[in-house]
Amino acid sequence: MDRQTEIELIKQALALKACGETQYHESTHSHSTQRYISADWFERENQAIFQSRPIAIAAACELPLPGDYLTLDWVNGVPLLLIRGDDNRIRVFANACRHRNARLLPIGDTGCRKRLVCPYHAWSYSTEGSLLGAPDFERGFEGLDKRQLGLVEFSSREIGGMVFFHPDRDKGVPENLLADEMVFGFAYLNLQQQKVYKRRSYVIKANWKVLLEGGIEAYHFNVAHKNTLAPFFLGNLSTWQSWGDMNLRMVLPKKPMLEAATLPESAWDIRAMANLIYSLSPTITLLAQPDNLSLIRMVPLSVGETRIDEVLLVEPPEKGAAQWSQEELRTHETNFNLVNKVLNEDWALGETIQANMASGVVDEVHFGRFESALIWFHDEYEKIMGIAADALVTER
Ligand code: FES
Ligand SMILES: [Fe+2]
């Protein structure tokens, strides 16, 4: 995004607000609940999405210094270890020792290590993945070559401050994977310079798409978030744009946008006047608010369970200070808890949706024309899943 785009996005939202409209799809959309509850369907997603496409897995600013790491399990329990090497590059390894497969670091861990030491027999690895040492190696492992026993690595690439990896180790992550508009958007948000304030992780009993869908429409704001978001937003109004794949940028206008008409354009500030969402499905949602970015990472665990990581990213302390001021800390803590409160309103609904779908009582869902990003998402999803439009009736 650049300044011109920022102005255009505000004008677009104001024009829609002026006539009481939002961004529509030309028609409604319906599909079967099978795509949220069927184990076979999840396996099809596993083949078509989770194991065969580059996946956005983290923001690079989550690992700012050499030795910084985070661990998480990808679909099918594939243990991942993201770590920034001494050469300043983030790599994605299997979190598995080459001796006898022990986990090097616990799941969901973050921290900083100069080297990675296996907790079983102390084989140790560099932050760039090579095997540095193994007790009594020469005496016990005659015939094995240490140089061939580095950590198993997935191909990965940092694009616009976001780290992508390819779950298929025979494939790479293309340099031009992400549209320039998305890359510029991240730069506009100063993503690369953000610092992690805090993170939290938990599991929600709902399909990843149910949870994703709650994040890209404003139809529910006045109802599901009537005491949290609704007082600050302009109701069922949102605009969005995609430049390919299941990636989008969404604008959710807030009440301060109404003042834009009385202000000179030079005073227009989209982060004060709207929430911006960047969604890189299936995993990453980046929510930009005036003084923070919330990164929400979703890892599908099974057809009906999704692991969520919430990470609050904020500007570094002012003028090189080592820590944020007390006032900044209070603001960050408030925002960290507020995001969680709002998400919990969505997740509670997501769990009831999943349970009801699993009961089979109602076997289809409908998206209204103003839930247009949901229709777009499922159109893209159907292309990736190889579902022909006329085959939808055979889903059930
Ligand atoms: S399994 Fe890691 S050192 Fe033995
Ligand atoms: Fe919501």
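The values are calculated or read from the model by the stated rules, or taken from the named source; none is laboratory data. What you see is a predicted model; the values in this text were computed from it and never measured. Quick reminder, even Gly has a Cβ in these numbers, built from the backbone with ideal geometry, and neighbours come from all protein chains shown.
Just checking, does the range 336-343 include any residue being in contact (Cβ under 8 Å) with a residue 60 or more places away in the chain, charged (D, E, K, R) and either within 16 Å of ligand 2 (Cβ to nearest atom) or under 26 Å from ALA39 (Cα atoms) (or both)?
Quick first cut of the range 336-343, residues in contact (Cβ under 8 Å) with a residue 60 or more places away in the chain only: 336, 338, 340-342.
Next, from what is left, pick out any that are charged (D, E, K, R): 341.
Subset that is either within 16 Å of ligand 2 (Cβ to nearest atom) or under 26 Å from ALA39 (Cα atoms) (or both): 341.
Checked the range 336-343: at least one residue is in contact (Cβ under 8 Å) with a residue 60 or more places away in the chain, charged (D, E, K, R) and either within 16 Å of ligand 2 (Cβ to nearest atom) or under 26 Å from ALA39 (Cα atoms) (or both).
Could you pull out the residue among LYS226, LYS209 that is within 30 Å of ARG271 (Cα to Cα), more than 16 Å from ligand 1 (Cβ to nearest atom) and over 17 Å from the mean Cα position of the chain (by Cα)? It would help to see each step written out before you state the result.
Values: LYS209 fails: over 17 Å from the mean Cα position of the chain (by Cα).
Being within 30 Å of ARG271 (Cα to Cα), more than 16 Å from ligand 1 (Cβ to nearest atom) and over 17 Å from the mean Cα position of the chain (by Cα) holds for just one of LYS226, LYS209, which is LYS226.
When the range 341-374 is filtered for residues that are part of a helix (DSSP H, G or I), crowded, with 20+ Cβ neighbours inside 10 Å and in contact with a His (Cβ under 6 Å, 6 or more places away or on another chain), only SER372 remains. Among the residues of this structure, PRO66 does not count as one that is at pLDDT 95 or above and within 15 Å of ligand 1 (Cβ to nearest atom). Would you be able to say whether some residue in the range 299-309 is within 16 Å of ligand 2 (Cβ to nearest atom) and either under 24 Å from GLU213 (Cβ atoms) or assigned to a strand (DSSP E or B) (or both)? Yes, that holds for at least one residue.
Counting only strands (runs of 3 or more DSSP E) that sit wholly inside the range 78-194, those with at least 3 residues that are within 16 Å of ligand 1 (Cβ to nearest atom) and not assigned by TED's automatic domain parsing to the domain that holds VAL314 are 115-117, 124-126, 131-133. For the range 151-164, check the following and say yes or no: at least one residue is surrounded by fewer than 16 Cβ atoms within 10 Å (Cβ to Cβ) and over 22 Å from LEU313 (Cα atoms). Yes, because at least one residue in the range 151-164 is surrounded by fewer than 16 Cβ atoms within 10 Å (Cβ to Cβ) and over 22 Å from LEU313 (Cα atoms).
Identify, from the list GLU318, GLU364, the residue that is of a type in the set (Asp, Glu), more than 25 Å from the chain's Cα centre (by Cα) and over 24 Å from THR28 (Cβ atoms). Even if it seems obvious, please write down each step before you answer.
Values: GLU364 fails: over 24 Å from THR28 (Cβ atoms).
Matching residue, one of GLU318, GLU364: GLU318.
SER242 falls short on exactly one of the conditions (1) touching a helix residue (DSSP H, G or I) at 6+ places or on another chain (Cβ under 8 Å); (2) within 13 Å of ligand 2 (Cβ to nearest atom), and that condition is (2). So is PHE336 of a type outside the set (A, V, I, L, M), away from ligand 1 (no atom under 16 Å from the Cβ), in a helix (DSSP H, G or I) and surrounded by 11 or more Cβ atoms within 10 Å (Cβ to Cβ) or not? Yes.
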